Amino acid sequence: MKLLQTTSLTKKFGNHTAVNNISLTINQGEMVALLGPNGAGKSTTINMLIGVLQPTSGEIIFGEKATNINDYRSEIGVVFQNSVLDEKLTVKDNMMLRAKMYSRPVIVQSLIEKFELESIWKQPYGSLSGGQRRRVDIARALISSPKLLFLDEPSTGLDIQTRTKIWEILDQLRKETGLTIIFTTHYLEESENADYVYIVDQGKVIAEDTVWGLQKKYTKNILQLTYTNGTSQTMTIDNKDDAIKILSEKGPLISDFEYRPGTMDDVFMNLTGKEIR
Ligand SMILES: Nc1ncnc2c1ncn2[C@@H]1O[C@H](COP(=O)(O)OP(=O)(O)OP(=O)(O)O)[C@@H](O)[C@H]1O
């Protein structure tokens, strides 16, 4: 079921078109990545979807028919690139202030547990590490039990353990609650968690599909064989089943092999001719 749709969404800043005719379809329960280099138009797109920016043209439809942000604001949670929390207030005060704004059953206790906030609960937000802040930011955005969570570069600047941890929690939440997530990233490997990926460059969607679909369309899997007589051979193949077939056929003649499936890095490189970072 479609939860959010845009048709020909466009944003111009003066003569500069930051977002150029972007059409997205986000289905309920999906995790969707907007992937693209710096300046591609990811944040501008998100800012239009959450009502921070007014589109120059195009339409946004939430659910069956809501087209005005005021009609769906209560259904979304947002984690901005730069936190909106009060640095001087404790984690508890930041969270409880937000909780008071919502009449829905408050789920603060379960968020404290999920995001492991007990040990920092009474600490001022401003004294937290980058990873701790991000956990609080996301927990706060979930207080209203939104149907759809927007995460604008949720893991930029975080170490790999913290990034992994945050994605684990979000994955668990999706399984438990059916939460829909739209996130932006320039970490290609993170887009591999997504159910569907839009690759954006210079304001346009230049490719969209599942991760598998993108890899199939825009990359090749490489199988490299080293033979017992010292020679080697590199071939491109469609899938790993073909690799297994070739390996079993040539088995006795092979001394070593390497199989490298196409990655999102290859997808991006093949589409844009450049690396993302
Ligand atoms: N308020 C603004 N006024 C003028 N130009 C803007 C404004 N906001 C964004 N832009 C321009 O629009 C383009 C898209 O910016 P945007 O922030 O959406 O990119 P992004 O993909 O989110 O990049 P990053 O990954 O660096 O956050 C950029 O060229 C940017 O300079």
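The values are calculated or read from the model by the stated rules, or taken from the named source; none is laboratory data. Because the structure is a prediction, the values reported are computed rather than measured. Because the Cβ atoms are built from the backbone with ideal geometry, glycine has one as well, and the counts that use them run over all protein chains shown. Just so you know, the surface numbers come from the protein's heavy atoms only, side chains and all, with ligands and any DNA or RNA stripped out. Shrake-Rupley method; radii C 1.70, N 1.55, O 1.52, S 1.80 Å.
Can you give the accessible area per residue of region 111-200, in Å², using a 1.4 Å probe? Write out the running numbers ahead of the final one.
Values: 3300 Å² over 90 residues.
Counting only protein heavy atoms, the per-residue value for region 111-200 is 37 Å².
At a probe radius of 1.4 angstrom, the accessible area of region 220-261 per residue rounds to 72 square angstrom.
When Rg and the Kirkwood Rh are both derived from Cα coordinates, the Rg/Rh ratio for the chain amounts to 1.06. In the chain, helical runs assigned H by DSSP with n ≥ 4 each contribute -39500 (n - 2.57); averaged across all residues and rounded to the nearest 500, the mean residue ellipticity at 222 nm is -9500 deg cm²/dmol.
Can you grab the distance from the C-alpha centre of region 144-181 to the C-alpha centre of region 197-227, Å, no decimals? The two parts, judged by their Cα centres, are 24 Å apart.
A simple packing score, the average count of other Cβ atoms within 10 Å per residue, orders the peptides 32-43, 59-70, 217-228 as 32-43, 217-228, 59-70, with the highest score first.
Go through 8-18, 73-83 and give me the packing order, highest mean Cβ count within 10 Å leading.
73-83, 8-18
Computed over region 220-261, the alpha-carbon pair-distance distribution with 5 angstrom bins reads 6, 27, 36, 22, 9, 1, each value a whole percent. How many angstrom lie between the Cα centre of region 239-274 and the Cα centre of region 66-108? Rounded to whole Å, the Cα centres lie 46 Å apart. Coordinate range of the alpha-carbon atoms in region 21-126 per principal axis, descending: 46, 33, 24 Å.
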